[in-house]
1. Please work out the average accessible area per residue across region 416-466, using the 1.4 Å probe convention, and give it in Å².
2. So which GluC sites (Glu not before Pro) in region 418-460 pass both tests, a DSSP loop state and at most 13 other Cβ atoms within 10 Å of the Cβ?
3. Alpha carbon centre of region 512-554 versus region 255-318: separation in Å?
4. Structure shown: which of LYS306/LYS543; LYS379/LYS510; LYS451/LYS550 lie over 31 Å apart, alpha-carbon to alpha-carbon?
5. If you average the sequence gap of Cα pairs under 8 Å that are 6 or more apart and divide by the length of region 409-559, what percent do you get for the contact order?
6. Can you give me the accessible area per residue for region 476-544, using a 1.4 Å probe, in Å²?
7. Trypsin sites (Lys or Arg not before Pro), restricted to region 455-516: which are DSSP loop and have at most 16 other Cβ atoms within 10 Å?
Amino acid sequence: ELSSIRAARRIRAREPGDRLAAHTSRKQATLSATMMTITLVLALAPCAASAHAHFPGVSARPARPVGLRSRPVAASRVTTTVDEEMMWTNWTRPANVGPGPAEPLLVWTDWEGLPVLGVPGSAPTPGYRKATSPLTPGRQEDTLFVQSPEVAFWRDWNDLEAAAGTSGVPQASALVDLLVKRVSEAISRDPARAASYFAYHTARSAFFTSQWFAVYAYVQAMQLGRAGPAVKLQIDPTATISRLPKLILEAMGSFVEDLAAIENDEYPMPYDMREPRHRQFSPLYALQQASSFVVEATENLRMRGKDPIPLWLEDASSPKYYNTFHYQTDGYMSSHSASVYEVSTETLFLGRQDAMQRLTLSPLSKFVKARRAAAPSEKIDYLEIGCGTGRFLAFTLDALGEALRPTALELSPFYLERTRESVEYAGRLLNWPAERSNVRYLLGNAERISKLADKSQDAITSVYLFHELPAEAHRAIAREVGRLLRPGGIFVLTDSQQFGDRPALDEVIKLFSSLNEPFYENFLETDFAQIFAEEAGLVPEWKGLRSVTKTLSFRKPLA
């Protein structure tokens, strides 16, 4: 029964194991609006600051296919390192199970004897086999990956949210109660750490939330004062405020799960939170970031539903699909774009993007620690593809840098320059040894990384890249990952959730494609377990969810 399979999986998952100058007058109006709205949102934030509890309930399960029969059989094990076992290994076709006129499914087993859906024909590819039943990617992965407890947590979150209502905090009391319980538990374990974490992230979330009010105030000021071209934006402040409690609760849920990972020693407290000298604590810097976002967001919203402006820079080495994603000014091809990217994406997610992308560190940290335990003096060759502005790379180096020999790959020279600046700034701020900041920077396309030799990397990560790629690029990058990884190596893919990860959101998440994300709807349906099995020979290992972000880790077998 798939229900018993799910229960077994859940048990196992819990086991240890110099464009701104042109907008000066607009900025000044924005700064005043920003300061006023920060005060407003800070008044709302405390209602969610004491929030988040770990759900004990069982998550929703995929429907049981008609005629499914299972007979667990033994299968031999293979290992990826001296200490670790791969989750999926040699497959054996059970006797007395086969396709019939009304049964297009076979059942295969992993080495623990748990059934896995498969298609008729020859033996499945080790590590993966796609079911013929119409399962979404999120549901398909339920039987392929070890599930983090967060997977069930976020599915149950939507169940409780639907039962409680979503139009305001009073009706969402069940969620608030659960969040308060989790926050209280964290405070009881380590009062100082929990208090500092939630104070920082609540204030940070309030700051980014306030930017949407500032956008509205800015647009109104422009129209009333005729300070710029006419802007017709359908921004309903009443509707926005009514949705805020739900979104703030979602952010708090991400923060509690992030803190739980920190408590579990998967990665340290965020370095920018630990260091009070960080530039983000400067009011002038914060206002500069806020004002540049307000101007940028207004232009983005003005363009929604229109054809994107072609990139100003024609680069023969760039792929044809590379365009002005998100309607962002200059696409990814200017220093201005790189400077406003982080504040834009954090504002989009009300300050929870950092907490979401740090989920990548959970499987990566486990891998690095196991390797270092076996060979303490050996450096781990690490590659981040599509490193963007270097925000995640800085988190990685802070958490694991002493064990890594890092390489950063990026297609935009402006974003790669920003990555170098981010790493060097973190290094100076935290007084890293020079070796930790010694990153190799590569400018190029992840579909073909000619500067790196076969089997040259132990670990590869990708964060928020794949949803901006067409299907053929997914497979091309998968082939490169397979070429570059050494046997036993790990690949960690972090990106948007997909269909089936949080079924209650399936009709909502596809709306993100309206922000000039031409490949997003295809991404939502893409089976990455199949792609990385077929193109790279990788096997599924671990899956985690955090709010609207998903992380999948894969391993390359030793043989």
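The values are calculated or read from the model by the stated rules, or taken from the named source; none is laboratory data. All values derive from a computational prediction rather than experimental measurement. Heads up, the Cβs are rebuilt from the backbone with ideal geometry, glycines too, and the neighbour counts pull from every protein chain shown. In case anyone asks, the SASA skips ligands and DNA or RNA and just uses the protein heavy atoms, side chains included. Shrake-Rupley method; radii C 1.70, N 1.55, O 1.52, S 1.80 Å.
1. Details: 2560 Å² over 51 residues.
Averaged over the residues of region 416-466, the accessible area is 50 Å².
2. Working: sites: GLU421, GLU424, GLU435, GLU447; in loops: GLU435, GLU447.
Within region 418-460, the qualifying GluC sites (Glu not before Pro) (loop, at most 13 other Cβ atoms within 10 Å) are GLU435.
3. Region 512-554 and region 255-318 have Cα centres separated by 22 Å.
4. Details: LYS306/LYS543 36 Å; LYS379/LYS510 41 Å; LYS451/LYS550 29 Å.
Checking Cα-Cα distances, LYS306/LYS543; LYS379/LYS510 exceed 31 Å.
5. Details: 219 pairs, mean separation 35.2, N = 151.
Reported relative contact order: 23 percent.
6. Numbers: 2020 Å² over 69 residues.
Spelled out: the 1.4 Å probe surface of region 476-544, per residue, equals 29 Å².
7. On the way: sites: LYS455, ARG475, ARG479, ARG483, LYS510; in loops: LYS455.
Answer in residue order: LYS455.
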